[in-house]
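The values are calculated or read from the model by the stated rules, or taken from the named source; none is laboratory data. Just so you know, these numbers come straight off a predicted model, no measurement behind them. Please note: Cβ atoms are built from the backbone with ideal geometry, for glycine as well, and neighbour counts cover all protein chains shown.
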Amino acid sequence: MGKIYLDNAATTRISDEVLQEMMPFLTENFGNPSSIHSFGRVAKSTIEKARRTVAKYLNVSTSEIFFTGSGTESNNTAIKCAVRDLGVTRIISSAIEHHCVLHSVEAEARAGVQVEWVQLDHEGRVNLAHLEQLLAQPAGKTLVSLMHANNEIGTINDLNALSQLCQKYGALLHSDTVQTIGYVPFNLQETKVQFLSGSAHKFHGPKGVGFLYIQGDVHIHPFIDGGSQERNMRAGTENVAGIAGLGKALEQSVAEMEANRALVSGLKNYMIQQLTEHLPAVQFNGDISEQGGNYKVLNVSLPPHPKAELVLFNLDMAGIAASGGSACTSGSEKASHVLEGIHAAPNRKAVRFSFSKYNTRADIDAAVQVLSKMYAGQAVEG
Ligand code: PLP
């Protein structure tokens, strides 16, 4: 039986076109972009091409895009450099951010930065009235760090509304957009943010490469010291193949965006319908609507069952990959801080299914069948 991958919020398969684009930079075009000979020049121009792709997608200048080693690095850089270099003395964030944001904010709290947690609704969306209340209080220079779409439950924040509030109160805005880059359009001329991050492996690019957008009039010092790569902002020889892959993956995602959105959200809606039919007491976490939720993520709270804890194991035995929380914590017994943060049914096992353009309805049928059999008390075939 072929394996079925329903964990596309954790990572995605590299597309064939992306791999093809990367290969020359792992073989004959292996130059160091800092070298001035022809090998180096080819590498350098490849990086600049990818930078143009990212800048065009976000509608910003190429001088505002910096390649990094991951979404994690991008988020660390934004938060820690905003405190170190921009005089930030207060951070407003939320309890359901990805750990790379949460732990960065907590590290700053330990170092004496004032941290405030914005209230969320039961779907995990920022309570804008509470955010405004916090912003209106007298405080020092403030950084607001709030994600666009949550990686576990998919709920999407209105980036434009966050941006308007931050502008009104003179706060800096950082948004972890790792789960939405390549999936929805962005126009940073209309939606002003100071920092925004992306990671290639979430949109069919390679792992270990990301980018950070830094608005042109924001001046931070390097997070990693060393050579003059990335216009002195991020030292270290560039991951040329990875950056080429990121550029190609984004180009492809943009070209296919509407078709993929229709396909993937169709799969999600089909799974919602199938689960509701076969497991009537099922619950969904986060906003599952087309407008308010990430169309690739479906977080399901299973009805109570003595063997519910074994659900991921049963799926895995049937060759189906899903996740019990975010990728970083899946496999651990620790409760999901996101589900706790929205007060999701605490006595129910939750499973995150996340889809891609490579999935089919047959994949969904297979997963629903495993769950139905489990609840019907039948043995699950491997
Ligand atoms: N932010 C979000 C919302 C994510 O889902 C992830 C990946 O799990 C990251 C940040 C980290 O990105 P990376 O895996 O590139 O470090």
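Might you check whether a residue that is out of contact with any Gly (no Cβ under 7 Å at 6 or more places or on another chain) and either surrounded by fewer than 20 Cβ atoms within 10 Å (Cβ to Cβ) or among the acidic types (Asp, Glu) (or both) occurs anywhere in the stretch 143-155?
Just the residues of the stretch 143-155 that are out of contact with any Gly (no Cβ under 7 Å at 6 or more places or on another chain), to begin with: 143-149, 151.
Subset that is either surrounded by fewer than 20 Cβ atoms within 10 Å (Cβ to Cβ) or among the acidic types (Asp, Glu) (or both): none.
The answer is no; no qualifying residue exists.
Does the stretch 221-240 contain any residue that is in a loop (DSSP other than H, G, I, E, B), out of contact with any Cys (no Cβ under 8 Å at 6 or more places or on another chain), aromatic (Phe, Trp, Tyr) and within 16 Å of the ligand (Cβ to nearest atom)? Give the steps one after another, and end with the answer.
As a first pass, look at the stretch 221-240 and keep what is in a loop (DSSP other than H, G, I, E, B): 221-223, 225-228, 233, 235-239.
This time we only want the ones that are out of contact with any Cys (no Cβ under 8 Å at 6 or more places or on another chain), so: 222, 225-228, 233, 235-239.
Among the residues that remain, those that are also aromatic (Phe, Trp, Tyr) are: none.
So far as the stretch 221-240 goes, no, none of its residues is in a loop (DSSP other than H, G, I, E, B), out of contact with any Cys (no Cβ under 8 Å at 6 or more places or on another chain), aromatic (Phe, Trp, Tyr) and within 16 Å of the ligand (Cβ to nearest atom).
The residues of the stretch 78-110 that are under 22 Å from residue 211 (Cα atoms) and free of Cβ contacts under 8 Å to residues at least 12 places away in the same chain amount to a single one, 103. Candidates in the stretch 189-200 are the residues that are of a type outside the set (Phe, Trp, Tyr) and either in contact with a strand residue (DSSP E or B) (Cβ under 7 Å, 6 or more places away or on another chain) or outside the structural domain of residue 61 (by TED's automatic domain parsing) (or both); of these, the one that is nearest to the ligand (Cβ to nearest atom) is 199.
Scanning the stretch 111-153 for residues that are under 17 Å from residue 163 (Cα atoms), free of Cβ contacts under 8 Å to residues at least 60 places away in the same chain and among the aliphatic types (A, V, I, L, M) returns 118, 126, 128, 129, 131, 134, 135, 136, 144, 146, 147.
In the set (1) out of contact with any helix residue (DSSP H, G or I) (no Cβ under 7 Å at 6 or more places or on another chain); (2) crowded, with 19+ Cβ neighbours inside 10 Å, residue 137 fails one condition alone, (2). Can you find even one residue in the stretch 290-303 that is part of a helix (DSSP H, G or I), in contact with a helix residue (DSSP H, G or I) (Cβ under 9 Å, 6 or more places away or on another chain), not charged (D, E, K, R) and not assigned by TED's automatic domain parsing to the domain that holds residue 172? No: the stretch 290-303 contains no residue that is part of a helix (DSSP H, G or I), in contact with a helix residue (DSSP H, G or I) (Cβ under 9 Å, 6 or more places away or on another chain), not charged (D, E, K, R) and not assigned by TED's automatic domain parsing to the domain that holds residue 172. From the list 188, 263, the one residue that fits, being more than 21 Å from residue 49 (Cβ to Cβ) and of a type in the set (A, V, I, L, M, F, W, C), is 263.
Taking the stretch 166-192 as the range and being farther than 21 Å from residue 205 by Cβ and surrounded by fewer than 22 Cβ atoms within 10 Å (Cβ to Cβ) as the test, the residues that pass are 167, 168, 169, 170, 172, 187, 189, 190, 191, 192.
Considering each of 30, 25, 66, 39 in turn, give the residue that is in contact with a Lys or Arg (Cβ under 9 Å, 6 or more places away or on another chain) and either in the same structural domain as residue 204 (by TED's automatic domain parsing) or surrounded by fewer than 18 Cβ atoms within 10 Å (Cβ to Cβ) (or both).
Numbers: 30 fails: in contact with a Lys or Arg (Cβ under 9 Å, 6 or more places away or on another chain); 25 fails: in contact with a Lys or Arg (Cβ under 9 Å, 6 or more places away or on another chain); 39 fails: in contact with a Lys or Arg (Cβ under 9 Å, 6 or more places away or on another chain).
After applying the criteria, what remains is 66.
Just name the residue that is nearest to residue 274 (Cα to Cα) out of those in the stretch 330-348 that are at pLDDT 90 or above and in contact with a Leu (Cβ under 9 Å, 6 or more places away or on another chain). Filtering first and then ranking leaves 342.
Contact map, the stretch 355-382: first residue modelled with pLDDT of 95 or more, second residue buried (at least 16 other Cβ atoms within 10 Å of the Cβ) and of a type in the set (S, T, N, Q), Cβ cut-off under 7 Å, separation 6 or more or different chains; pairs are 355/8; 356/8; 356/12; 357/260; 364/274; 368/274; 370/314.
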